[in-house]
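Taking it in order: structure first as structure tokens, then the write-up.
The values are calculated or read from the model by the stated rules, or taken from the named source; none is laboratory data. All values reported here derive from a predicted model rather than from experimental measurement. So basically every Cβ, Gly included, is an ideal-geometry build from the backbone, and we count neighbours across all protein chains shown.
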Amino acid sequence: MMKPFRSIELDNNQVEFSVFCIENVAAKLGISGDEAYQLLTKNKDILDEYIIPNYEMLHTQGKEYIVNDIIDYMKECGVLK
């Protein structure tokens, strides 16, 4: 079931960054973008509660740092083992 449309306004940079995060987490985990999106939003809304609120800090980092940070957070939240 699809989540309702988000009520927060995102600028184009945040949208592009979100897609970047989803695609690169998927690549690192060897899963599809859809599967990564589900992991980031289904049980714990990591996209809205972590990635977007921390955009200003995260987007200044390198790809490897960003992906590893998100995966570490996913593990802390119990989304990944």
> Checking residue 19 against (1) surrounded by fewer than 14 Cβ atoms within 10 Å (Cβ to Cβ); (2) modelled with pLDDT under 95; (3) part of a helix (DSSP H, G or I), which single condition isn't satisfied?
Replying inline: (2)
> Does at least one position in the range 62-75 carry a residue that is modelled with pLDDT of 95 or more and more than 14 Å from the chain's Cα centre (by Cα)?
Replying inline: yes
> In the range 28-40, which residues are in a helix (DSSP H, G or I) and either within 8 Å of the chain's Cα centre (by Cα) or without any contact (Cβ under 8 Å) to a residue 24 or more places away in the chain (or both)?
Replying inline: 33, 34, 35, 36, 37, 38, 40
> How about the range 46-73: which of its residues are of a type in the set (A, V, I, L, M, F, W, C), surrounded by 12 or more Cβ atoms within 10 Å (Cβ to Cβ) and either free of Cβ contacts under 8 Å to residues at least 40 places away in the same chain or outside any helix (DSSP H, G or I) (or both)?
Replying inline: 46, 47, 51, 52
